[in-house]
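Asks: Quick one: structure below, then a few questions.
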Amino acid sequence: MNAVFGTILENLRSIEIVEVPTIDVFKKDKTNTGDSKELTINQFIERYLPSDYKVKKGIIYSIDNFSNNIDCVVLAPNHPALNTPIREVILAEGVYAAIEIKPDITVLTDKGEFNRGLTQIKSVKNLSRDTDIFDLNLFTSKKIKNDYFKKIPSVIFSHKSAEPKKIIEFIRKKVDNGEYKYDELPDLIVSLNYGVIMYTPDFSTNSISKDLPDEVKSVFGDYVFTHFHTKTKEETLALFLVLFLGLTPPTMMLSKFIITDYLRKLDIKFNKNFYPILLDLEKTKKSIEIAKEFLKKRNKSEKKQ
């Protein structure tokens, strides 16, 4: 254990406090109860960012559009202090990430909190913006990065959720009926009880798939969810931070996040499963079987080591 993981353990205590059931007399006071849960996660995230990053709550504005009201908006150092006597204004070009905090996303229905979270993320993903990130693939034989990575990285953070497989199937159906497009989905879905789901719209060329055989990649396609099933809540939070700090920033970073090396040295235990979003059922079934067999062999090999 290192000092960074120690802080995760201590911060988990405050997160778990707001997880407990609300005292009966305060159950009708949903506003303050919800605000306290949002504030706790906002504070947790802010503690792992450099001091020139800010965490706010509000609407994100682009030149020609604006998002819904977002629970947690992480501002990069290039964001101006755009204040008036009445309000703080958030501009898309200076947003590092947008996070919707939904403590319980176990209900997967049109009126459930998870679908509301997806709607919030959609409003963020529909904002157009210019970024200063230069695609180094222009000078290599690699595929040029998907335009998805110019959009604001977005996260749904939950204390408890439905099973990841059911979450992904719910998203698939929503994409299939046209409610959400491939470029309107969250980059990360965090569940303290089930781990982290990462969305990858460039799976075949992304480092996440580097160990997979080419025949698996070709069957999966590019739009894939990866579920990292961790063993403990603290490992989930550590993995979330690793993935969160690896999101594409809106402008070139002068240096990497200091705590990334500390986090990467942790022995985080997780199982990894891939779920293609494309709805060719035969290909999906085939790809899952191939991937299961491959991951089964790899997990056995890793346990022996």
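Asks: Are there trypsin sites (Lys or Arg not before Pro) in the range 210-258 that DSSP marks as loop and that have at most 11 other Cβ atoms within 10 Å, and which are they?
Replies: Details: sites: Lys210, Lys217, Lys231, Lys233, Lys256; in loops: Lys210, Lys231, Lys256.
In loop regions of the range 210-258 (DSSP not H, G, I, E or B), the sparsely surrounded trypsin sites (Lys or Arg not before Pro) are Lys210, Lys256.
Asks: Sort 77-90, 38-51 by packing, meaning the average of other beta carbons within 10 Å per residue, with the highest value first.
Replies: 38-51, 77-90
Asks: Order Val107, Val95 by their accessible area, 1.4 angstrom probe, all chains in place, largest first. Let's see the in-between values first.
Replies: Working: Val107 85, Val95 0 Å².
Greatest to least solvent exposure: Val107, Val95.
Asks: Read phi for every residue in the range 184-192 and hand back ³J(HN,Hα) as whole Hz from Karplus 6.51 cos²θ - 1.76 cosθ + 1.60, θ = phi - 60°, with x for Gly and Pro.
Replies: 10, 9, x, 6, 9, 10, 9, 9, 4
Asks: Ignoring any ligand, DNA or RNA, what whole percent of the accessible area of the range 119-257 comes from carbon and sulfur when the probe is 1.4 angstrom?
Replies: About 51 percent, which is the carbon plus sulfur part of the accessible surface.
Asks: Tell me, how many Å apart are the Cα centres for the range 198-267 and for the range 45-107?
Replies: Between the Cα centres of the range 198-267 and the range 45-107 lies a distance of 22 Å.
Asks: For a quick check: with amide H placed at 1.01 Å from N, whose amide H comes under 5 Å from Ala97's, ignoring anything fewer than 5 positions away on the same chain?
Replies: The answer is Val74.
Asks: Beyond 27 Å between alpha-carbons counts as too far, so tell me which of Lys125/Lys174; Lys54/Lys231; Lys231/Lys300; Lys111/Lys160; Lys57/Lys265; Lys102/Lys269 fall in that bin. Don't skip to the answer; put the middle values down first.
Replies: Working: Lys125/Lys174 16 Å; Lys54/Lys231 31 Å; Lys231/Lys300 17 Å; Lys111/Lys160 17 Å; Lys57/Lys265 32 Å; Lys102/Lys269 25 Å.
Lys54/Lys231; Lys57/Lys265, as the Cα separations exceed 27 Å there.
Asks: With Cβ to Cβ distances under 9 Å as the rule, what net charge do the other residues near Val73 carry (K, R +1; D, E -1)?
Replies: Net of charged neighbours comes to +2.
Asks: In the full protein assembly as shown, how much of Phe270 is accessible to a 1.4 Å probe, in Å² to the nearest 10?
Replies: Number for this one is 80 Å².
The values are calculated or read from the model by the stated rules, or taken from the named source; none is laboratory data. This one's a predicted model, so the numbers in the text were calculated from it and none came from an experiment. Every residue, glycine among them, receives a Cβ derived from its backbone with ideal geometry; neighbour counts consider all protein chains shown. The area values use the complete protein model at the heavy-atom level, side chains included, leaving out ligands, DNA and RNA. Shrake-Rupley method; radii C 1.70, N 1.55, O 1.52, S 1.80 Å.
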